[in-house]
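To start, the structure itself, in structure tokens.
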């Protein structure tokens with residue numbers, strides 16, 4: 001049992017620490033964590049009333065971590081590395097309970113190798129923590145079915161509740177667990193115990209869920225499911241693995257647990273996305289728990305079959321070799337949808353002291369927030385109240401006419417425009433774009449991962465003096 005716990009944890013630690021700094025860069029979501037976790041707890045709470053309530057518990061946790069260990073880049077990401085280590089050992093122990101030590105060891109070793117797990121193990125966000133909590137809640141579930149002691153169900157309910165408070169879509173794992181118990185035809189007392197624990201989780205989550213409904217506009221950036229390809233591939237491969245006669249023991253079969261947690265959460269989000277886009281691959285990272293269990297059991301099955309053994313090992317070596325370039329790529333700044341560090345550096349390079357600074361749109365102000373010195377010598381033309389004092393992520397902007405008037409006071413403006421974002425809407429964004437179009441011309445554009453930084457120079461003609 002010690003090997004099943006330690007070996008996956010050690011592998012996850014090595015992979016998590018490898019290239020963890022990503023060339024000292026952060027991407028936009030990590031900048032949000034970095035900024036909010038440096039605020040006071042009262043400020044985090046007030047900000048959560050406007051935006052990101054779903055992540056408020058995580059920000060509060062990271063605030064305490066920063067207070068203890070300093071607010072640097074390593075401190076931002078190390079909790080996710082440690083969480084992935086615990087998740088890997090949890091997967092191993094679940095496999096041990098369901099199918100024996102060999103399957104447990106293999107599943108635990110497969111888990112940290114999965115590309116999606118490697119990616120979010122090095123993110124300053126809550127997803128690795130949620131995955132670890134779901135893994136250990138799953139272990140509590142499996143042992144609770146076998147031993148039927150009340151304290152195990154208390155542990156299960158508490159662990160699932162914390163996971164859901166860190167990110168409310170973890171509740172979909174609770175549904176998957178319920179399906180597992182129904183399919184496994186567990187005794188009625190076990191099902192009753194799970195129902196009581198599940199009811200406690202839902203009751204504890206309900207205030208957060210109700211409050212976050214009012215902030216659903218935060219998902220307006222989604223045009224549809226985000227990166228569903230990985231989920232669809234692993235769900236298909238996992239379903240194929242489940243068709244093999246996998247090893248198993250006890251009242252819950254490995255496939256009966258692994259398939260629901262792999263397939264059901266992502267599938268529910270994809271179905272919901274037919275009405276409102278909700279699916280993002282990281283929201284169901286914990287589905288990789290099921291995938292690792294199925295792959296570990298399949299490798300064990302092939303190894304036990306003499307005629308499959310050599311082919312299985314050749315295939316395993318080939319897969320590991322194929323993972324090397326992907327693992328290298330995941331540890332570069334280009335592996336994320338934007339590079340906030342590079343965006344801010346481009347602003348610093350293109351701007352001159354006294355230039356105006358404009359964000360198209362204002363919500364992307366966070367992209368240059370990690371290092372205030374990058375924009376210190378520029379004047380934010382649209383900002384009326386900074387993010388901290390306004391308890392927001394991106395601050396409060398001036399009325400449209402005031403923004404236009406301030407723009408005309410400057411001969412050079414550095415504009416930051418996020419790539420792939422919706423066209424700016426609203427009077428303030430319209431005032432920015434129309435004033436640039438009428439009174440300025442582009443002097444040059446720098447393209448970086450996730451944004452364009454454009455320098456606009458004032459047209460020297462009489463019409464510009466008349467105002468918009």
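Things to note:
- The residues of the stretch 382-397 that are closer than 16 Å to residue 426 by Cβ and in contact with a helix residue (DSSP H, G or I) (Cβ under 7 Å, 6 or more places away or on another chain), listed by number, are 382, 392, 394, 395, 396, 397.
- If you go through the stretch 317-331 and keep only what is out of contact with any helix residue (DSSP H, G or I) (no Cβ under 7 Å at 6 or more places or on another chain) and surrounded by 12 or more Cβ atoms within 10 Å (Cβ to Cβ), you end up with 319, 328, 331.
- Residues of the stretch 120-177 classified as touching a residue at least 60 places away in the same chain (Cβ under 8 Å) and not in a helix (DSSP H, G or I), total: 7
- Any hit, the stretch 333-349, residues being modelled with pLDDT under 95, more than 14 Å from residue 453 (Cα to Cα) and not in a helix (DSSP H, G or I): yes
- Test: residue in the stretch 220-239 that is part of a helix (DSSP H, G or I), in contact (Cβ under 8 Å) with a residue 12 or more places away in the chain and within 26 Å of residue 57 (Cα to Cα): yes
- Considering residues of the stretch 196-216 that are part of a helix (DSSP H, G or I) and within 21 Å of the chain's Cα centre (by Cα) only, the residue farthest from residue 51 (Cα to Cα): 205
- Of the set (1) in a helix (DSSP H, G or I); (2) touching a residue at least 40 places away in the same chain (Cβ under 8 Å); (3) within 30 Å of residue 221 (Cβ to Cβ), all apply to residue 262 but (2).
- So residue 298, is it buried (at least 17 other Cβ atoms within 10 Å of the Cβ) and within 22 Å of residue 108 (Cα to Cα): yes
- So residue 191, is it more than 26 Å from the chain's Cα centre (by Cα) and in the same structural domain as residue 118 (by TED's automatic domain parsing): yes
- Residues satisfying the stated conditions in the stretch 181-195, i.e. outside any helix (DSSP H, G or I) and within 30 Å of residue 110 (Cβ to Cβ): 185, 186
- Checking each residue in the stretch 1-59 for being touching a strand residue (DSSP E or B) at 6+ places or on another chain (Cβ under 9 Å) and either outside any helix (DSSP H, G or I) or farther than 20 Å from residue 337 by Cα (or both) picks out no residue at all.
- In this entry, residue 240 is excluded by the filter for residues that are over 22 Å from residue 118 (Cα atoms) and either modelled with pLDDT of 95 or more or not assigned by TED's automatic domain parsing to the domain that holds residue 305 (or both).
- Checklist (1) in contact (Cβ under 8 Å) with a residue 12 or more places away in the chain; (2) in a helix (DSSP H, G or I); (3) out of contact with any helix residue (DSSP H, G or I) (no Cβ under 7 Å at 6 or more places or on another chain) applied to residue 276, failing item: (2)
- Index of the failed condition, residue 201 passing every other in (1) touching a residue at least 60 places away in the same chain (Cβ under 8 Å); (2) surrounded by 16 or more Cβ atoms within 10 Å (Cβ to Cβ): (1)
- Of the residues 163, 107, the single one that is crowded, with 24+ Cβ neighbours inside 10 Å, within 23 Å of residue 6 (Cβ to Cβ) and touching a helix residue (DSSP H, G or I) at 6+ places or on another chain (Cβ under 7 Å) is 107.
- Residue within the stretch 1-11 that is within 18 Å of the chain's Cα centre (by Cα) and without any contact (Cβ under 8 Å) to a residue 60 or more places away in the chain present: no
- Whichever residue in the stretch 353-367 is touching a strand residue (DSSP E or B) at 6+ places or on another chain (Cβ under 7 Å) and at pLDDT below 95 and, among such residues, is surrounded by the fewest Cβ atoms within 10 Å (Cβ to Cβ): 360
The values are calculated or read from the model by the stated rules, or taken from the named source; none is laboratory data. This structure is a prediction, so every number in the text was calculated from the model and none was measured. Glycine also receives a Cβ, built like all others from the backbone with ideal geometry; neighbour counts cover every protein chain displayed.
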